[in-house]
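Chemist: The structure is given below, and queries will be raised subsequently.
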Amino acid sequence: MKSSKKVALSGIFSALCVILLFIGSVFQTLDLSAAAMASIVILVSFIELGKKWAWGVYAVASILSLLLFPSTTAAAVFAIFAGFYPIIKEYLNKIRPFWLSVIARVVCFNIFLTLLIFVSYRFFGIKEDFLGFNVILYLLANVTFILYDFALERIAVYYIKRIKPKIFK
């Protein structure tokens, strides 16, 4: 693919990520869903453009959404984890045996979940709650992450086998 085509596609992918994150910013109940949808755009950019361009799309979308939006929850989730996870997932999937790969992905998620909680407490003014809430948060977040990881894998396969041949002939 020509470099000019990659630049144009990366701009389109970046704009799509920013639009999805803006929707998450406006409708606060959709903040996590918007970050997950924007991560699918990063996945598609990784498949179509490669690792280097996907990192660029992630950086542009993260910076713009953190700077421009009034509510930065969706942007923070995207910037801290959801935006780059589809890119690093390729490397985590290569770990063998399979169960070790799953453990590595869950550990990676928990590291960034802890970072997100820390940022929320320190910079967004969210008050620290009791320990029981954090345990429940980690349990539910890990279950959700495992479902998200599985869905991301299925979406990638579906895109490569069904959608890509129809769009890029």
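Chemist: Which ones in segment 25-55 are of a type in the set (Gly, Ala, Ser), more than 10 Å from PHE13 (Cα to Cα) and surrounded by 16 or more Cβ atoms within 10 Å (Cβ to Cβ)?
Modeler: If the condition is that a residue be of a type in the set (Gly, Ala, Ser), more than 10 Å from PHE13 (Cα to Cα) and surrounded by 16 or more Cβ atoms within 10 Å (Cβ to Cβ), then SER25, ALA34, ALA35, ALA36, SER39 are the ones that fit.
Chemist: When ILE19 is evaluated against the numbered criteria (1) buried (at least 19 other Cβ atoms within 10 Å of the Cβ); (2) modelled with pLDDT of 95 or more, which criterion, by number, is the only one it fails?
Modeler: That leaves (1) as the condition not met.
Chemist: From the list LEU100, LEU137, exactly one residue is over 23 Å from GLY24 (Cβ atoms), in a helix (DSSP H, G or I) and of a type in the set (A, V, I, L, M). Which is it?
Modeler: Criteria check complete, one pass: LEU100.
Chemist: If you check every pair at least six apart or on different chains, which have Cβ atoms under 6 Å apart with a residue in segment 70-94 that is under 16 Å from ILE111 (Cα atoms) and touching a residue at least 12 places away in the same chain (Cβ under 8 Å) first and a residue that is among the charged types (D, E, K, R) and surrounded by fewer than 22 Cβ atoms within 10 Å (Cβ to Cβ) second?
Modeler: That search, which allows pairs on different chains as well, returns LEU92/ARG105.
Chemist: Next up: Does segment 42-61 contain any residue that is under 22 Å from TYR121 (Cα atoms), in contact (Cβ under 8 Å) with a residue 12 or more places away in the chain and out of contact with any Pro (no Cβ under 9 Å at 6 or more places or on another chain)?
Modeler: Checking segment 42-61: not a single residue is under 22 Å from TYR121 (Cα atoms), in contact (Cβ under 8 Å) with a residue 12 or more places away in the chain and out of contact with any Pro (no Cβ under 9 Å at 6 or more places or on another chain).
Chemist: Right, here's the next one. I'd like to know if segment 105-119 contains one or more residues that are of a type in the set (S, T, N, Q), surrounded by 15 or more Cβ atoms within 10 Å (Cβ to Cβ) and either in contact (Cβ under 8 Å) with a residue 60 or more places away in the chain or assigned to a helix (DSSP H, G or I) (or both).
Modeler: No, segment 105-119 contains no residue that is of a type in the set (S, T, N, Q), surrounded by 15 or more Cβ atoms within 10 Å (Cβ to Cβ) and either in contact (Cβ under 8 Å) with a residue 60 or more places away in the chain or assigned to a helix (DSSP H, G or I) (or both).
Chemist: A follow-up question, please. Mind telling me which of the residues LEU67, LEU100, LEU92 ends up being modelled with pLDDT of 90 or more and farther than 23 Å from MET37 by Cα?
Modeler: LEU100
Chemist: Which ones in segment 56-71 are buried (at least 23 other Cβ atoms within 10 Å of the Cβ) and either among the aliphatic types (A, V, I, L, M) or in a loop (DSSP other than H, G, I, E, B) (or both)?
Modeler: Hits for segment 56-71 are VAL57, ALA61.
Chemist: Shifting gears a bit: So ALA74 ticks every box in (1) modelled with pLDDT under 95; (2) buried (at least 19 other Cβ atoms within 10 Å of the Cβ); (3) under 23 Å from TYR158 (Cα atoms); (4) not β-branched (Val, Ile, Thr) but one. Which box is left unticked?
Modeler: All conditions are met except number (3).
Chemist: If ILE95 meets every condition in (1) surrounded by fewer than 20 Cβ atoms within 10 Å (Cβ to Cβ); (2) in a helix (DSSP H, G or I) apart from one, which number is that one?
Modeler: Going through the list (1) surrounded by fewer than 20 Cβ atoms within 10 Å (Cβ to Cβ); (2) in a helix (DSSP H, G or I), ILE95 breaks only (2).
The values are calculated or read from the model by the stated rules, or taken from the named source; none is laboratory data. All values derive from a computational prediction rather than experimental measurement. For neighbour counting, all protein chains shown are included, and Cβ atoms are generated from backbone atoms with ideal geometry for every residue, glycine included.
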